Amino acid sequence: MRLIIVVLMLSFTSFSQTNFSISGLVSSEGESLPYANVFLENTTLRTTTRNDGSFTIEGVYPGNYTLVASFTGHETIRKRILISNKNITVHFNLKSGELLNEVVITGTMKAVSKLESAVPVEIYTATFFKKNPTPNVFEALQNVNGVRPQLNCNICNTGDIHINGLEGPYTLVLIDGMPIVSGLSTVYGLSGIPNSLIEQVEIIKGPASSLYGSEAVGGLINIITKLPENAPVFFVDSNINSWGEWNLDVGFKTKVGKKTTLLFGTNYFNYNNPIDNNNDNFTDVTLQNRISIFQKWRFKRKDNRKFSLAGRYFYEDRWGGEMNWNKNYRGTSDVYGESIYTSRFELIGDYQLPTVEDILFQFSYSNHDQNSVYGNIPYLAQQRIGFGQFIWDKQVKNHDFLLGAALRYNYYNDNTTATIHADQVTIPSLFIQDEINFGRIQSLLLGLRYDYDKRHGNIFTPRLAYRFKPTENDIIRLNAGTGFRVVNLFTEEHAALTGARDVIIEEALKPEQSYNITLNYLKKIYSKNGMLFTFDTSVWYTYFTNAIIPDYDSNPNQIIYSNLNGYSTSKGVSLSVDATFGSGISASFGATWQDVSQNENGIRTEQILTESYSGVWSFSYKNYPTNLTLDYTGNLYGPMRLPLLGDLDPREEYSPVWSIQNIQLTYDGITNFEFYGGIKNVLDWTPNKGNPFIIARANDPFDKNVQFDTNGNAIATPENPYALTFDPSYVYGPNQGIRFFFGIRYKLR
């Protein structure tokens, strides 16, 4: 009997100890860290530290684990542990300053610590874009301070990206540092880059022409894709919303031989559900069927020299128009529709030469073919861009030199009367940059670029950047430079293609010249209780000569292009605040005030479709016990002047103050999975509210019942009391109202 009791007692003791606990302390620089995250990797066991920095994880079964401790603004530490037959104690000492050591590439064409860069560069990681998931990069930028995705057409929903109030053509978009998103692809190509393949997006506000050429006048966006070695083995991200939009990202990485790694990804987006909530008989949102296939190859070479190749193919079929339109009406005058077929492929690569000196060869090529009709007007266009450059990085004492030689080839042809012969131009360039380090506190960057354009001759664009860092957490930057831009109307101005207005080019257009100065101050504050605040403030002023701004006002039936007989300016101030409060709470807020105007013959005019102020915000709360994260994001835009069609036009001349706000809930309590869902445009705001209509003469898109005078101006009649012609350019915000969405992510590491 005693033996049975002993066996039972031993069995009970063994059973009660089949799982154990992990306890410990998380600290930094001698101070405890409350609300730090502690978890066992690849399990659902996690917790946050208490007010004294201590933690306990219960219910751990015997085995080998990786214990992780992390806290915003500090390094993340992983420790291998073994749970055998007892509870264990593990302590962590996290070093502060992880955010201060973010690496940026875009400002100087080389990897450098964000705080050491003389050029202010903003970084947005994949985590930022997950807070408000979108099917493309274009929409994803709506929550970046001072950056606004601008729709240019109510029917086909094409758009561009405004930085600090400047029109889209002033913004240069790069993929992995290569300038292949321009011209035709500026209008249609931004919606085909899979968000799941993005490592981070770097943004420069202000000119970067001395390094990247004439298109980087207003700002620069560099979309950096993941390195194959850093990507998950397999990933899927799919979501659908109540409007019927479905987006799918899927990809994998694999080894090809011993020295090659391949990253493959594809994006598919489909929307085939015509909706007309504003009752104008036109689709509120363009219907799309889009696929993008991406590959990135990374080759291992001797002495860790670089060699990578990336390629992307993009195809899209999009249309918008009258609700009863189908492809049988494409190009006819029976039912109005705008239909665009886009086929595009890109190749990007870099190769480090096998030399003692650090010399890198970068190259890219893109081929863009567009077959489109706007009502009964066809627009067939092809654009090919080839680019190659050598970059030599040389350190001489306290001078860090960057010397480069580039060659860009651009081919463009279309079926419009403005392009009698194909436009082919080859632009050779030389650039030099010297970053002088005066010690920990100061550095000075001097740059100069030379381009030769046979149409305009020699082009020089100098640049200066000064960094003053009085403390580890304070930086003052002063940047100044010039810009030079050659305008290509039919690849930049969607309104020039629709046929709703006649395009009038009054003179041989001269290139625009710009002069910019920007002052930036960044401050980081670490509190003793673990909170982190980052303040980023900028003041800028840009002056343009020979500005080319489309004139919608002089004649409602025309778009008039000419060099401004005067000057235009863009000036403003912006403030961004990022805060981490601990206990899983973080928030950010940004505000921008700007004044963009033109002065011609002594008359000052506000730039059309440019808001005077804007704001963005995000709030995130992670509840670790439930594995739930709440994200609340939004933006707000002040009034902007809109393109009216004459004095009788009943629509508002200025847009109201408007806001798009979104809520999302994410659950990550299952290993390798994330489930997310929420509401977009919670306020159900659309631009038709407060206006009698958005599209002028939507009932007569071919102007069959419009009467004109001898000068070509529409005449007021009982059937057309406002003397309007068909025009879809009165657009300043998305027509898509409130909608619900749900998605799933899966990652296998």
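The values are calculated or read from the model by the stated rules, or taken from the named source; none is laboratory data. Computed from a predicted model, the values in this text were never measured in an experiment. All Cβ positions, glycine included, derive from the backbone under ideal geometry; neighbour counts span all protein chains shown.
List the residue pairs whose Cβ atoms are under 6 Å apart, where the first residue sits in segment 286-300 and is more than 14 Å from residue 340 (Cα to Cα), the second is part of a strand (DSSP E or B) and of a type in the set (A, V, I, L, M, F, W, C), and the two are 6 or more positions apart or on different chains.
292/314; 295/264; 296/263; 296/310; 297/262; 297/309; 299/307
Return a yes/no flag: does segment 408-426 have any residue that is exposed (fewer than 12 other Cβ atoms within 10 Å of the Cβ), touching a strand residue (DSSP E or B) at 6+ places or on another chain (Cβ under 8 Å) and charged (D, E, K, R).
For segment 408-426, residues exposed (fewer than 12 other Cβ atoms within 10 Å of the Cβ), touching a strand residue (DSSP E or B) at 6+ places or on another chain (Cβ under 8 Å) and charged (D, E, K, R): absent.
Name the residue that is modelled with the highest pLDDT, counting only residues in segment 575-612 that are at positive phi and of a type outside the set (Ser, Thr, Tyr).
609
Mind checking which strands (runs of 3 or more DSSP E) fall wholly inside segment 606-713 and carry at least 1 residues that are under 16 Å from residue 149 (Cα atoms) and touching a residue at least 12 places away in the same chain (Cβ under 8 Å)?
Values: elements: 613-623, 628-637, 658-667, 673-680.
Qualifying strands (runs of 3 or more DSSP E): 613-623, 628-637, 658-667.
Being in the same structural domain as residue 483 (by TED's automatic domain parsing), in contact (Cβ under 8 Å) with a residue 60 or more places away in the chain, part of a strand (DSSP E or B) and among the β-branched types (Val, Ile, Thr) narrows it down to one residue among 436, 459; which is it?
On the way: 436 fails: in contact (Cβ under 8 Å) with a residue 60 or more places away in the chain.
After applying the criteria, what remains is 459.
Restrict the check to segment 440-458 and report whether at least one residue is out of contact with any strand residue (DSSP E or B) (no Cβ under 7 Å at 6 or more places or on another chain), of a type outside the set (Asp, Glu) and modelled with pLDDT of 90 or more.
Scanning segment 440-458, I find no residue that is out of contact with any strand residue (DSSP E or B) (no Cβ under 7 Å at 6 or more places or on another chain), of a type outside the set (Asp, Glu) and modelled with pLDDT of 90 or more, so the answer is no.
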